[in-house]
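Take a look at the structure below.
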There are 2 protein chains.
Amino acid sequence: MADTPGPAEPSLEEQIAAYQREFQDLDPQVEKVVSALSRLNRRMNVAYGRQTAELGISNAEWEVLKALVLAGRPYRLGPGDLAKRLGLTPAAMTHRIDRMVAEGLVTRERDGSNRVRVIVGLTDDGREKWLDAMRLASVFEEELLQDLSGEDRGKLGELLTKLLRRVETAQPDAGGRLRDLD
Amino acid sequence: MADTPGPAEPSLEEQIAAYQREFQDLDPQVEKVVSALSRLNRRMNVAYGRQTAELGISNAEWEVLKALVLAGRPYRLGPGDLAKRLGLTPAAMTHRIDRMVAEGLVTRERDGSNRVRVIVGLTDDGREKWLDAMRLASVFEEELLQDLSGEDRGKLGELLTKLLRRVETAQPDAGGRLRDLD
DNA sequence: CCTGAAGACTTCAGTAGTAAAGTTCGAAGC
DNA sequence: GCTTCGAACTTTACTACTGAAGTCTTCAGG
């Protein structure tokens with residue numbers, strides 16, 4: 001009956017056209033960049049979610065593993081620090097760590113020298129999971145960029161870095177939770 | 001006391017270096033693009049959240065308004081269709097619409113010809129909010145891209161579109177919820 | 001007509017997040 | 001050496017989303 005079996009999502013081009021129609025004083029070039037960025041990110045998150053699910057972890061857990069590994073040996077950070085790096089509230093971090101300890105991906109210990117401090121450490125199992133995830137991710141990322149020449153990849157990295165610098169100077173530290181408005 | 005008052009988040013450069021250290025078979029050029037994309041998106045969402053909060057709505061509500069406006073006049077869509085466009089489950093859509101109806105941003109009616117179908121329509125108030133949000137967003141987006149020449153903006157749009165095309169063909173319709181894996 | 005299957009939305013139970021209050025320990029002043 | 005302040009994590013109450021089950025309507029067949 002429905003002539004449109006999947007109305008679903010309009011294409012990027014249709015969306016740009018709709019913006020022009022509904023809000024004239026908008027630079028289509030700018031809107032194209034912004035819309036593509038946002039869609040791209042959604043798609044990438046879906047892809048990562050698929051991959052981490054394959055490994056039996058969630059994207060959220062993967063982020064924690066990533067932060068610990070990127071911190072470098074001995075792969076230990078406090079919950080507060082982790083929360084800042086992931087852009088979560090400390091409360092959310094507490095719960096996430098609970099789950100990950102239960103799954104054996106990380107350990108939670110009290111700091112010897114300061115008993116109110118907690119230290120989250122990567123287990124061997126956690127490190128293995130991270131490596132597995134990275135192997136999958138790197139294949140996906142290479143595929144994602146496969147249509148771009150080496151030169152284009154460099155250019156893209158450079159352009160994105162410029163944008164990033166701009167927002168980062170505008171929002172000194174948005175590493176915190178989303179609502180540090182007041 | 002702490003020599004590192006805000007350990008917070010490592011810079012993009014530090015992060016790339018850490019990846020090289022921890023996982024050698026990774027193209028730094030690729031990782032730079034991917035990391036920049038992900039950070040950029042986080043920052044942008046923070047910025048949008050700040051703006052919509054200024055208008056007394058949430059980012060989630062803004063997305064619904066956006067979908068309705070972009071659908072074109074008469075600015076009406078069913079909850080199921082909306083859910084697909086936003087990448088949510090129908091259940092989440094029901095609740096979101098509840099809130100937005102209560103705030104007078106949209107209306108919920110039964111379709112005359114098919115009484116099981118529901119139609120969500122934009123109110124004048126909702127359209128106003130969308131316009132306000134767009135004005136703020138377009139200023140922000142112009143600022144975001146201000147360091148790029150017209151040529152660079154075009155190039156960036158083109159490169160991002162290439163990536164998008166690649167993921168969209170790889171994942172035919174990920175417009176649905178995140179977990180259509182099984 | 002009545003029945004059964006399919007579609008579209010809603011309801012329910014469970015999970016993960018935020019904000020704010022609570023707890024515990026360490027450090028600085030008196 | 002007590003006491004108070006502050007830092008770091010946890011707990012509590014609430015909000016939003018997912019997946020699955022439920023309800024209601026339409027449509028096709030006997």
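The values are calculated or read from the model by the stated rules, or taken from the named source; none is laboratory data. No experiment lies behind these values; they were computed from the predicted model shown. Methodologically, a virtual Cβ is constructed for each residue, glycine included, from the backbone with ideal geometry; neighbour enumeration extends over all protein chains shown. Surface accessibility is based on the protein's heavy atoms, side chains included, excluding ligands, DNA and RNA. Shrake-Rupley method; radii C 1.70, N 1.55, O 1.52, S 1.80 Å.
Go through the range B:94-144 and report how many residues are more than 14 Å from chain A (Cβ to nearest Cβ) and part of a helix (DSSP H, G or I). Can you show your working first?
Our first condition is that a residue be more than 14 Å from chain A (Cβ to nearest Cβ); within the range B:94-144, this holds for B:94-110, B:112, B:115, B:118, B:121, B:123-125.
Checking the rest, the ones that are also part of a helix (DSSP H, G or I) come to B:94-102, B:124-125.
Here the count works out to 11.
Could you say which residue among A:Leu105, A:Leu82, A:Leu145, A:Leu86 is under 22 Å from the mean Cα position of the chain (by Cα), away from DNA strand C (no atom under 16 Å from the Cβ) and open to solvent by less than 30 Å² (accessible area, probe 1.4 Å)? Break it down into steps so the answer makes sense when it comes.
Details: A:Leu105 fails: away from DNA strand C (no atom under 16 Å from the Cβ); A:Leu82 fails: away from DNA strand C (no atom under 16 Å from the Cβ); A:Leu86 fails: away from DNA strand C (no atom under 16 Å from the Cβ).
Answer to the selection: A:Leu145.
Answer with yes or no whether B:Glu103 is within 30 Å of A:Leu148 (Cβ to Cβ) and not hydrophobic (A, V, I, L, M, F, W, C). Break it down stepwise before answering.
Details: within 30 Å of A:Leu148 (Cβ to Cβ): no; not hydrophobic (A, V, I, L, M, F, W, C): yes.
Considered against the rule, which asks whether it is within 30 Å of A:Leu148 (Cβ to Cβ) and not hydrophobic (A, V, I, L, M, F, W, C), B:Glu103 comes out as no.
Out of the range B:44-66, which residues are open to solvent by less than 20 Å² (accessible area, probe 1.4 Å) and either not aromatic (Phe, Trp, Tyr) or not in a helix (DSSP H, G or I) (or both)?
B:Met44, B:Val46, B:Ala47, B:Gly49, B:Thr52, B:Ile57, B:Glu61, B:Val64, B:Leu65
Tell me which residues, restricted to the range B:17-43, are under 26 Å from B:Glu143 (Cβ atoms) and either open to solvent by 30 Å² or more (accessible area, probe 1.4 Å) or more than 7 Å from chain A (Cβ to nearest Cβ) (or both). Working first, answer last.
Just the residues of the range B:17-43 that are under 26 Å from B:Glu143 (Cβ atoms), to begin with: B:32-43.
Within the range B:17-43, B:Lys32, B:Ser35, B:Ser38, B:Arg42 meet the criteria.
Take the conditions assigned to a helix (DSSP H, G or I) and modelled with pLDDT of 95 or more and apply them to B:Val69. Does it pass? Quick ask: steps written out before the conclusion?
Values: assigned to a helix (DSSP H, G or I): yes; modelled with pLDDT of 95 or more: yes.
Considered against the rule, which asks whether it is assigned to a helix (DSSP H, G or I) and modelled with pLDDT of 95 or more, B:Val69 comes out as yes.
For the range B:116-125, state whether one or more residues are open to solvent by less than 30 Å² (accessible area, probe 1.4 Å) and under 19 Å from the mean Cα position of the chain (by Cα).
Among the residues of the range B:116-125, not one is open to solvent by less than 30 Å² (accessible area, probe 1.4 Å) and under 19 Å from the mean Cα position of the chain (by Cα), which makes the answer no.
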